[in-house]
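This report refers to the structure that appears directly beneath it.
The values are calculated or read from the model by the stated rules, or taken from the named source; none is laboratory data. Please read all numbers here as calculations on a predicted model, not as lab measurements. We place every Cβ from the backbone using ideal geometry, glycine too, and count neighbours over all the protein chains shown. Ligands, DNA and RNA are excluded from the accessible area calculation, which covers all protein heavy atoms including side chains. Shrake-Rupley method; radii C 1.70, N 1.55, O 1.52, S 1.80 Å.
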Amino acid sequence: MGIMRWVAVSQPHRRAMILVALIMTFAGLALVLNQPERTSLAWVGIPLVVGGAAILVGFAWPAGTGLPEAPPSLASSLIRRATWDGRLVRLFPVIGVMILCADLLYNLKLSASPGLQTEDTIAILAAGVFIVYGFVPPSFSRERDFVLTFVVALNAILVVPLLLARAWEANFERSVDFYSWVALAPQTGAVLRLVGVQNTIHPVTGATAPGLTFTPLHVGVQVTVVITTACSGIYSFGIFASAFVAFVLTEFQRPARRVWLLLGLGMVTAYVANVLRMVIIVLVGYYTDSSTTDLQNMLIAHSYAGWLIFLGWIALFWAVLFRLLPPSTTTPERPGPKKRGVLCGVCGYTLTPALPGSRCVCGMFYHVACASTVEECRRCHGPIRVRNATAKPQDPEMS
């Protein structure tokens, strides 16, 4: 089966394909930005990111379908206002080069290490997006705005606060672990004490990050785990938050209240996932390590538990999200064969005996699954009352 055949088959399942692409991209970015120690899994992250991007471009929004420029969205409106009705877009390549130069100068003059760190990778990614933004064809305007919004949010969440914290400390050569001290180490210690693992949180000599000290059951001596910013899971949290914000801004013109409620829920659950990651790492060392293992079990959990928990949580959250989100208000109509039969008022596809349907009192038909995603009928704007979930759409008694 050729590539275009796969594209044609995937078109009715656009959200499912986006879900697959997002999971692949998240997994790849998590591996690249937060590399597991003593492994080469970071190289696996690169093809995952490329594969996710390929699915978005080739399957979710293929150029070969004659897709017109996407309708206005929150993202396009914000970009238009920020660029003075698009007049400043021509300066985006200059802005990208300036970001790249600023990052290199920071590493050479201010940073404790001239090597490229995680924050440098994020800044360079933003520079590349600004450089190529104006060269993206209008048929990919939605993807273009999504990527730009994503990298801007990622830098706003992960890079800018770190620079401001270092400026506040008046020392650009030291690490700032404010997040670990305030929002991770105390909570991890409290959860561990609830499950019976006694521990203390304290400063560590020679480090700015907090230390968590506990005594494994089969070791007999105290062990201290230093919870640095890189180990805190803040990068996974930043990737999730940036992607969610970019998705909402590019998919909706006026997102429903439930969208913002889901965003808040996502932030909370992402934070809980970070705490759960640290708790699992310590529990593995507490119960399984001994004097002969030399804490290798805890190190293995440290390398793999984080991105596995993050990937599983992301897959579950986005699956539920796509199920509960209202239909996009910016999805353009795609040319295609004329649909026949009774059509669903939400997704526009034919009702069949295999897919339970319902009819509103005004006569509009809906798939039962689609009817649960909207708050009111598209025609009469009244509530949709599903009385018979198994009747066929041709049944005149169905309402």
Problem - Residue satisfying all of: in region 49-83; at pLDDT 85 or above and not hydroxyl-bearing (Ser, Thr, Tyr); least open to solvent (accessible area, probe 1.4 Å) among these - result: 75
Practice task
Quick one: count up the residues across region 248-266 that are open to solvent by 10 Å² or more (accessible area, probe 1.4 Å) and closer than 26 Å to residue 144 by Cβ.
Solution key: 8
Handout entry: The one condition in (1) under 26 Å from residue 29 (Cα atoms); (2) in contact (Cβ under 8 Å) with a residue 12 or more places away in the chain; (3) of a type in the set (Gly, Ala, Ser); (4) open to solvent by 20 Å² or more (accessible area, probe 1.4 Å) that residue 312 fails to fulfil
Key = (2)
Completion exercise
Among residues of region 122-181 being buried (at least 18 other Cβ atoms within 10 Å of the Cβ) and basic (Lys, Arg), the residue farthest from residue 95 (Cα to Cα) is 142
Exercise for the section: Filter region 277-301 for residues that are open to solvent by less than 40 Å² (accessible area, probe 1.4 Å) and within 24 Å of residue 48 (Cα to Cα) and give the result. Expected result: 277, 301
Problem - Some residue of region 383-398 being closer than 18 Å to residue 16 by Cα, open to solvent by 30 Å² or more (accessible area, probe 1.4 Å), at pLDDT below 75 and hydroxyl-bearing (Ser, Thr, Tyr) - result: no
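This table checks each residue for (1) at pLDDT 75 or above; (2) part of a loop (DSSP other than H, G, I, E, B); (3) out of contact with any Gly (no Cβ under 7 Å at 6 or more places or on another chain).
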site: 323; (1), (2), (3): no, no, yes
site: 327; (1), (2), (3): no, yes, yes
site: 333; (1), (2), (3): no, yes, yes
site: 346; (1), (2), (3): yes, yes, yes
site: 366; (1), (2), (3): yes, no, no
site: 370; (1), (2), (3): yes, no, yes
Completion exercise
Exactly one of 243, 273, 305, 315 is under 15 Å from the mean Cα position of the chain (by Cα), over 24 Å from residue 147 (Cα atoms) and either part of a loop (DSSP other than H, G, I, E, B) or not aromatic (Phe, Trp, Tyr) (or both), and that one is 273
